[in-house]
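J.: Right, I'll just put the structure down here and ask away after.
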Amino acid sequence: VLVGILSNAELLLSASGNGLPERFERPLRDIERAGSRAADLTQQLLSFARRKSPSVSRFNVHRVVTDGKELFQQLIGAEIALKTYLAPEPVFANADEADVGRAITNLIINARDAMPNGGTVTIRTEFTQLTASEVPVDGEPGSYVRLSVIDNGLGMAPEVLERIFEPFFTTKPVGRGTGLGLSTVFADVANCGGFVTADSQVGNGTTICVHLPAAEGTGKTEEPKCKHTTRPGGG
């Protein structure tokens, strides 16, 4: 259904230089944008319902953050500052890279909506070793890459915080949220052996931490790719 909507909108827009009245272009752009949003929502629904098998691979989480930084800034707008504090050492995770990118995007959007008057979103990465007492009941102790998205927005009351990962639960007005963002993040991260935690207080912002299974090489300083020799009197 969506392929038909989007394809026909695209065909009509491509014909706009061949006699299509200009007054039709804006409605067609609206159809195209709405179709794209519907496609994204459908993908989230399918991903959550099917519990698809993740495409697990070893990748550098820093690359996902830096490659998406421009998009993240566009999503939050000019009134919200975006800061990143990346671990000094490489942080490699064993997870589905596409799912992690989508998780960061969902968390960024949630942070934006929690700061209607502007503020700061911070993305932080670190390597951590967790014991059995520091992971959920069904989690495994061991090495993790912790990716945190922090906002200084409105924050949440305890009764809201305990429900944020429930499918279709949302505090946003009708038409503003589906309640699938955080539940999809939770499902995707759990699917690759990780887990998500949240901390929030009313008036003091929210911190969501995604814990991904660390891959070999995480926490170790990279060897320089080339060695320089300094000669006496030389530069």
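The values are calculated or read from the model by the stated rules, or taken from the named source; none is laboratory data. All of these numbers come straight from a predicted model, not from anything done at the bench. A quick note on method: Cβ atoms are made from the backbone with ideal geometry, for glycine too, and the neighbour counts reach across all protein chains shown. The accessibility values were calculated without ligands, DNA or RNA, using every heavy atom of the protein model including side chains. Shrake-Rupley method; radii C 1.70, N 1.55, O 1.52, S 1.80 Å.
J.: Return only the number of the condition from (1) closer than 30 Å to ASN152 by Cβ; (2) open to solvent by 70 Å² or more (accessible area, probe 1.4 Å); (3) modelled with pLDDT of 90 or more that ALA78 does not satisfy.
T.: (3)
J.: In region 204-216, what residues are under 17 Å from ASN110 (Cβ atoms) and in a loop (DSSP other than H, G, I, E, B)?
T.: ASN204, GLY205 - these are the residues of region 204-216 that are under 17 Å from ASN110 (Cβ atoms) and in a loop (DSSP other than H, G, I, E, B).
J.: Under 8 Å between Cβ atoms, at least 6 apart or on separate chains: pull out the pairs that start in region 124-142 with a residue that is part of a helix (DSSP H, G or I) and end on any residue that is at pLDDT 90 or above.
T.: Note: pairs meeting the criteria are ALA132/PRO141; GLU134/PRO141.
J.: Which residues, counting only those in region 106-118, are over 16 Å from the mean Cα position of the chain (by Cα) and open to solvent by less than 20 Å² (accessible area, probe 1.4 Å)?
T.: Passing the criteria: only MET115.
J.: Being within 13 Å of the chain's Cα centre (by Cα) and open to solvent by 50 Å² or more (accessible area, probe 1.4 Å) is the filter here; which residues of region 185-205 pass it?
T.: If the condition is that a residue be within 13 Å of the chain's Cα centre (by Cα) and open to solvent by 50 Å² or more (accessible area, probe 1.4 Å), then PHE186 is the only one that fits.
J.: Out of (1) more than 21 Å from ALA98 (Cβ to Cβ); (2) modelled with pLDDT under 85; (3) acidic (Asp, Glu), the odd one out for ASP40 is which?
T.: (1)
J.: So, one more: Quick check on my filter: what residues within region 129-178 are surrounded by fewer than 16 Cβ atoms within 10 Å (Cβ to Cβ), of a type in the set (Val, Ile, Thr) and either over 20 Å from the mean Cα position of the chain (by Cα) or modelled with pLDDT of 90 or more (or both)?
T.: Selection gives THR131, VAL137, VAL160, VAL174.
J.: Of all residues being of a type outside the set (D, E, K, R) and surrounded by fewer than 16 Cβ atoms within 10 Å (Cβ to Cβ) in region 55-74, which is farthest from ASN94 (Cα to Cα)? Just the residue, please.
T.: That would be GLN74.
J.: Would you please name the residue that is surrounded by the most Cβ atoms within 10 Å (Cβ to Cβ), looking only at residues in region 82-105 that are in a helix (DSSP H, G or I) and charged (D, E, K, R)? Give the derivation first.
T.: Start the filter on region 82-105 by keeping residues that are in a helix (DSSP H, G or I), which leaves 97-105.
Those left that are additionally charged (D, E, K, R): 97, 99, 102.
On the way: GLU97: 18, ASP99: 23, ARG102: 19.
If we take residues in region 82-105 being in a helix (DSSP H, G or I) and charged (D, E, K, R), then ASP99 is surrounded by the most Cβ atoms within 10 Å (Cβ to Cβ).
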